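This report concerns only the one structure given below.
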Amino acid sequence: MRISSKRRWPVAGKAVAARPDLLERLAFQTAERAQAQLQRRLRCVERVEGPYIQSNGRRLLAFCTNDYLGLAHDPRLVAALKKAADASGVGSGSAHLICGHRREHAELEEALAAWTGRERALLFSTGYMANLGAMQALLQRGDLCVQDKLNHACLLDGAQLAGATLKRYPHADLDAAARQLHGNAELGALLATDGVFSMDGDIAPLRELATLCAKDGATLMVDDAHGLGVLGVEGAGSVMDAGLSEHEVPVLMATLGKALGCGGAFVAGSAALIDGLIQFARTYIYTTAMPPALAAATLIAVRIARDEHWRREKLNHLIQRFRRGAEQLGLPLMPSRTAIQPLLISDTQRALETSRMLEKQGLLVVAIRPPTVPQGQARLRITLSAAHEDAHVDRLLQSLASLRLADAPV
């Protein structure tokens with residue numbers, strides 16, 4: 001398919017360039033991505049049973065979900081959702097500020113604030129909306145937003161939506177972050193970072209970043225989507241794991257659809273922060289509140305995540321077992337002590353082929369390719385869960401060994 005930039009239509013005797021057809025342009029871009037073997041495709045999952053999924057009639061052992069604590073199908077969460085749905089229906093029926101804010105929402109916000117050591121918390125429908133809303137409320141046009149280059153897309157989009165000057169430092173490079181923050185003291189400054197990086201699995205140097213922000217008068221915001229429930233005392237996340245308080249990390253965001261196995265997100269911090277978001281976060285104000293039944297189920301998930309320490313202990317055991325086995329096989333694992341264990345393949349075609357070969361052996365491990373990761377850094381993003389057992393990890397290692405990945409160039 002070709003898009004011509006030379007089409008011209010006569011208007012009043014003059015030839016003018018035709019306006020581009022937006023759908024045609026999009027189709028061309030999609031075709032280009034497909035040709036480069038970078039096209040994203042949907043997979044329909046028909047059934048989930050513990051760590052197994054059924055897709056296209058095949059039962060596959062999945063190592064690609066974010067259900068880190070194995071809570072997504074916990075019968076206690078299911079029962080809480082059903083009970084609340086029987087009492088309150090399915091949808092909230094309105095935005096929070098109209099008549100959609102239910103008792104279930106308020107109770108969950110109180111529990112999340114207490115868990116993360118914050119004064120208050122505010123629920124959002126998705127993590128993307130939480131980050132966009134918080135950053136759009138905090139930043140003004142011309143303010144400075146400094147971010148790690150490997151931050152999640154919604155943090156980058158949030159800064160751009162706010163009209164802030166976005167500067168990105170090389171991954172975890174504290175000196176570069178300091179240089180980008182330095183100067184222009186009259187401008188508001190926000191430093192935003194993932195707590196756990198979603199594609200690399202490593203943890204941001206949060207204590208050092210907090211010190212840097214305190215020195216430069218900047219506000220530190222942490223997206224802890226992949227740390228909440230997994231790291232820190234009672235699973236309170238990467239910020240708690242680093243021993244940082246609300247004063248040092250004033251803006252904390254985390255999602256409820258990963259380790260907690262439910263859906264939605266929240267921002268936690270001071271009463272002043274939450275009051276301000278209620279007034280100015282457009283993604284909170286102008287959208288329907290999450291279903292109250294989902295909030296009720298999430299409240300149970302919070303209690304389980306806090307109390308059932310064995311889930312984190314089991315997950316950490318599986319992580320160590322996998323890393324030991326991978327090291328013995330000489331596999332090119334990236335450094336990570338979290339549930340995200342990336343296996344660097346580099347070449348996009350080879351990453352895709354490796355994923356397909358694993359699927360033939362009954363394992364679902366998705367290949368992550370550019371533009372999600374930088375060019376030349378395609379990988380298998382292996383994720384572990386408390387729902388897995390030792391035998392599952394061993395089966396994965398055996399399959400990886402059969403592919404002789406250690407013998408191939410990275």
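The values are calculated or read from the model by the stated rules, or taken from the named source; none is laboratory data. Only a predicted model underlies this, so the values are computations on that prediction, with no experimental measurement involved. All Cβ positions, glycine included, derive from the backbone under ideal geometry; neighbour counts span all protein chains shown.
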Task: Qualifying residue in region 266-273 (condition: among the β-branched types (Val, Ile, Thr) and under 18 Å from the mean Cα position of the chain (by Cα)) - done: yes
Task: Extreme residue, modelled with the highest pLDDT, among residues of region 1-44 that are over 30 Å from SER355 (Cβ atoms) and among the polar types (S, T, N, Q) - done: SER4
- [ ] Give region 390-408 a look and list any residue that's out of contact with any strand residue (DSSP E or B) (no Cβ under 6 Å at 6 or more places or on another chain) and among the polar types (S, T, N, Q), or say none.
- [x] GLN398, SER402
Task: Cβ pairs under 7 Å, 6+ apart, first in region 21-33 and over 13 Å from PRO371 (Cβ atoms) and among the small types (Gly, Ala, Ser), second assigned to a helix (DSSP H, G or I) and modelled with pLDDT of 90 or more - done: none
Open item on the list: Here's a check for you: in region 343-384, which residue that is within 24 Å of VAL45 (Cα to Cα) and charged (D, E, K, R) is farthest from the chain's Cα centre (by Cα)?
Closed with: LYS360
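Here are some residues: GLU109, GLU104. Which one is within 15 Å of ALA295 (Cβ to Cβ), under 21 Å from the mean Cα position of the chain (by Cα), surrounded by 13 or more Cβ atoms within 10 Å (Cβ to Cβ) and of a type outside the set (A, V, I, L, M, F, W, C)? Step through it out loud before you land on a result.
Numbers: GLU104 fails: under 21 Å from the mean Cα position of the chain (by Cα).
Going through GLU109, GLU104 in turn, just one is within 15 Å of ALA295 (Cβ to Cβ), under 21 Å from the mean Cα position of the chain (by Cα), surrounded by 13 or more Cβ atoms within 10 Å (Cβ to Cβ) and of a type outside the set (A, V, I, L, M, F, W, C): GLU109.
Tell me, please, whether a residue that is within 27 Å of ALA265 (Cβ to Cβ), in contact with a Lys or Arg (Cβ under 7 Å, 6 or more places away or on another chain) and surrounded by fewer than 23 Cβ atoms within 10 Å (Cβ to Cβ) can be found in region 343-366. Please lay out each step first, then the result.
Let us first name the residues in region 343-366 that are within 27 Å of ALA265 (Cβ to Cβ), namely 364-366.
Subset that is in contact with a Lys or Arg (Cβ under 7 Å, 6 or more places away or on another chain): 366.
Imposing the further condition that a residue be surrounded by fewer than 23 Cβ atoms within 10 Å (Cβ to Cβ) reduces the set to 366.
The answer is yes; a qualifying residue exists.
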TODO: Pick out the one residue from ASN151, ASN131, ASN66 that is under 24 Å from the mean Cα position of the chain (by Cα) and more than 18 Å from LEU190 (Cα to Cα).
DONE: ASN66
TODO: Might you let me know whether region 197-211 holds any residue that is surrounded by 18 or more Cβ atoms within 10 Å (Cβ to Cβ), part of a helix (DSSP H, G or I) and not aliphatic (A, V, I, L, M)?
DONE: no
Task: Hits in region 135-155 - residues which are farther than 22 Å from ILE203 by Cα and small (Gly, Ala, Ser) - done: ALA137, GLY142
TODO: Determine whether region 255-278 contains at least one residue that is more than 27 Å from PHE197 (Cβ to Cβ) and free of Cβ contacts under 8 Å to residues at least 24 places away in the same chain.
DONE: yes
Task: Flag if ARG282 is out of contact with any strand residue (DSSP E or B) (no Cβ under 6 Å at 6 or more places or on another chain), at pLDDT below 95, surrounded by fewer than 20 Cβ atoms within 10 Å (Cβ to Cβ) and over 20 Å from ALA391 (Cβ atoms) - done: no
Open item on the list: Of the conditions (1) in contact (Cβ under 8 Å) with a residue 40 or more places away in the chain; (2) assigned to a loop (DSSP other than H, G, I, E, B); (3) closer than 19 Å to ASP216 by Cα, GLY183 satisfies every one except a single condition; which number is it?
Closed with: (1)
Open item on the list: Take the conditions surrounded by 15 or more Cβ atoms within 10 Å (Cβ to Cβ), modelled with pLDDT of 90 or more and farther than 30 Å from SER355 by Cβ and apply them to GLY93. Does it pass?
Closed with: yes
Task: region 367-389, residues that are in contact (Cβ under 8 Å) with a residue 60 or more places away in the chain, surrounded by fewer than 18 Cβ atoms within 10 Å (Cβ to Cβ) and in contact with a strand residue (DSSP E or B) (Cβ under 8 Å, 6 or more places away or on another chain) - done: PRO370
Open item on the list: Is it the case, given these coordinates, that LEU181 is in contact with a helix residue (DSSP H, G or I) (Cβ under 7 Å, 6 or more places away or on another chain) and not basic (Lys, Arg)?
Closed with: yes
Open item on the list: Return the pair list, or none, for Cβ contacts closer than 8 Å from residues in region 214-240 that are at negative phi to residues that are part of a loop (DSSP other than H, G, I, E, B) and among the charged types (D, E, K, R), at least 6 apart or on different chains.
Closed with: ALA214/GLU248; LEU220/GLU248; ALA225/LYS258; HIS226/LYS258; LEU228/LYS258; SER238/ASP224; VAL239/ASP224
Open item on the list: Go through (1) closer than 20 Å to TRP115 by Cα; (2) buried (at least 24 other Cβ atoms within 10 Å of the Cβ); (3) not acidic (Asp, Glu) for GLY232 and report which single condition fails.
Closed with: (2)
